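Here's the structure, in structure tokens; my notes come after.
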Amino acid sequence: MTSSNFALQLNSFSGNLKSFAMSLTKDTSDSEDLVQDTMLRAIMNRDKFENGTNLKAWTMTIMRNIFINNYRKKIRRNTIVDTTDNNYFINSGDRTVVNGGENVLLMQEIQIALKSINSDHSVPFMMYFEGFKYEEIADILELPLGTVKSRIFLARKELKKLLKASRN
């Protein structure tokens with residue numbers, strides 16, 4: 001294939017390349033840059049194109065590979081690696097101690113809110129929270145399965161409302 005014939009065929013489906021680039025980048029200027037890079041790379045590597053194969057698919061593959069490589073470069077550029085020593089920490093050890101105070105306070109709020117919920121709803125909810133399956137709860141409490149599911153749902157809804165109110 002001659003270089004002029006190659007360029008004509010390449011230009012014939014430039015619209016397809018533009019729409020494919022737009023679907024990849026979701027940005028007009030980035031898609032134009034991607035199309036331009038693809039066309040340039042296709043022309044530079046024209047000797048690697050085998051006659052009788054699909055030129056459109058070949059250029060789309062080039063475009064996809066350029067996009068993936070650029071994306072990976074961008075991700076690597078945004079990754080920050082901290083290689084500094086931790087010498088600035090006074091008396092720091094290898095292990096840190098997690099402060100569980102916030103979790104304790106949150107659990108206390110949840111327990112207070114659970115006490116204010118109707119026991120018809122809180123008992124199935126607590127059983128479910130403790131790991132029982134819906135069917136097991138229904139058998140133990142001798143209730144229909146739908147009733148158990150409904151009560152657990154209503155308990156969750158009421159619990160959310162009470163916890164939201166306590167935060168405000």
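So here's what we get for this one:
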read-out: Cβ-Cβ FRET estimate between S4 and K74, R0 fixed at 22 Å, reported to 0.05; value: 0.05
read-out: Point-charge dipole on Cβ atoms (K/R +1, D/E -1) for the chain, about Cα centre, debye to 20; value: 540 debye
read-out: Entries in K26/K161; K133/K157; K74/K164; K26/K157; K26/K56; K133/K160 that, when Cα-Cα distance is taken, lie over 30 Å; value: K26/K161; K74/K164; K26/K157
read-out: Qualifying trypsin sites (Lys or Arg not before Pro) for the range 91-168 [loop in DSSP, other Cβ within 10 Å: at most 16]; value: R95, K133
read-out: Cα centre as origin, Lys/Arg/Asp/Glu Cβ charges: the range 107-167 dipole, Debye; value: 520 debye
read-out: Helix 28-44 axis, angle to the chain major axis (alpha carbon atoms, nearest 10°); value: 40 degrees
read-out: Gain on full stretching of the segment that runs from F153 to R46 - 0.36 nm per residue minus C-alpha separation; value: 32.1 nm
read-out: Folded to 0 to 90 degrees: helix 145-167 orientation relative to the chain principal axis, Cα; value: 90 degrees
read-out: Rounded to 10°, Cα long-axis angle of helix 101-116 versus longest principal axis of the chain; value: 60 degrees
read-out: Phi-based couplings in Hz for the range 12-20 (Karplus 6.51, -1.76, 1.60; Gly and Pro marked x); value: 5, 10, 5, x, 5, 5, 5, 5, 5
read-out: Which of S119, F20, Q9, positive extreme of dipole for the chain (C-beta unit charges); value: Q9
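Rule-based calculations on the coordinates, nothing more; no lab input. Just so it is clear, the model here is predicted, and its values are computed rather than measured. Virtual Cβ from ideal backbone geometry, glycine too; neighbours counted across all protein chains shown.
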